[in-house]
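Visitor: I have a structure I would like to understand better, so I am pasting it below and will then ask my questions one at a time.
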Amino acid sequence: MIKSYQDLTVWQKAMDLVVTVYRLLPEMPGEERFALADQMRRAAVSVPANIAEGYGRRRDNELKHFLKIAQGSLAELQTHLYICERVQLLAKADIAPVLTLSEEVAKMLHAFEAQIDHSQP
């Protein structure tokens, strides 16, 4: 039974994504740890934060709005990861697990939104 946003599997998986991103960022060259890395941290943290905020609003339309924001933050994070690969700040092998986890979270966000749509009369 879901009693809070912390019980949502998608929130838990998004939190795992945050931890994974934080663990990846020390691999970046020092000069990028304060620029692109900061943007990546913010985008990653935004995903579970928006899930929680939307859930906390207790209205389906607001929850869906915040899930869309979370999806946007996820796309932003993925873009930053691809940039890191293209400019050779991080190796493809280093970002692959993060991209895989982010794709899993994206699917869960879409499924959660669809579930909300089907629960409405």
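The values are calculated or read from the model by the stated rules, or taken from the named source; none is laboratory data. Because the structure is predicted, anything quoted here is derived from the model rather than measured. Please note: Cβ atoms are built from the backbone with ideal geometry, for glycine as well, and neighbour counts cover all protein chains shown. These accessible areas exclude ligands, DNA and RNA; they are computed on the full protein's heavy atoms, side chains included. Shrake-Rupley method; radii C 1.70, N 1.55, O 1.52, S 1.80 Å.
Visitor: Between segment 26-46 and segment 54-71, how many Å separate their Cα centres?
Guide: Value for the Cα centre distance between the two parts: 26 Å.
Visitor: I'd like the accessible area for Lys13, computed on protein heavy atoms only with a 1.4 Å probe and all protein chains in place. Round to 10 Å², please.
Guide: 50 Å²
Visitor: A follow-up question, please. Picking from Ala37, Tyr5, Pro97, whose Cα lies most toward the positive end of the charge dipole for the chain (charges on Cβ: Lys, Arg +1; Asp, Glu -1)?
Guide: Selected residue: Tyr5.
Visitor: Hey, another quick one. Tell me, what % of the accessible area of the chain is carbon and sulfur with a 1.4 angstrom probe?
Guide: Details: 3710 of 7090 Å².
Carbon and sulfur: 52 percent of the exposed surface of the chain.
Visitor: Calculate, for segment 34-121, the solvent-accessible area per residue in square angstrom, rolling a 1.4 angstrom probe over the heavy atoms of the protein chains.
Guide: That works out to 56 Å² per residue.
Visitor: Kindly provide the helix-only [θ] at 222 nm of the chain, computed as the sum of -39,500 (n - 2.57) over DSSP H runs of four or more divided by all residues, to the nearest 500 deg cm²/dmol? Walk me through the intermediate numbers first.
Guide: Details: 4 runs with 92 residues, N = 121.
Value at 222 nm, helices only, nearest 500: -26500 deg cm²/dmol.
Visitor: Counting Lys and Arg as +1 and Asp and Glu as -1, each charge on the Cβ, what is the dipole of the chain about the Cα centre in debye, to the nearest 20?
Guide: Numbers: 14 positive and 16 negative charges, 56 e Å.
Using only the charged Cβ atoms, the result is roughly 260 debye.
Visitor: With the Cα gyration tensor of segment 61-121 giving a ≥ b ≥ c as the square roots of its eigenvalues, does the rule (a/c under 1.5 for rounded; else a/b larger than b/c for prolate; else oblate) give rounded, prolate or oblate? Provide the component values of the computation, followed by the final result.
Guide: Numbers: a/c = 5.88, a/b = 2.66, b/c = 2.21.
Prolate, because a/c is 1.5 or more and a/b exceeds b/c.
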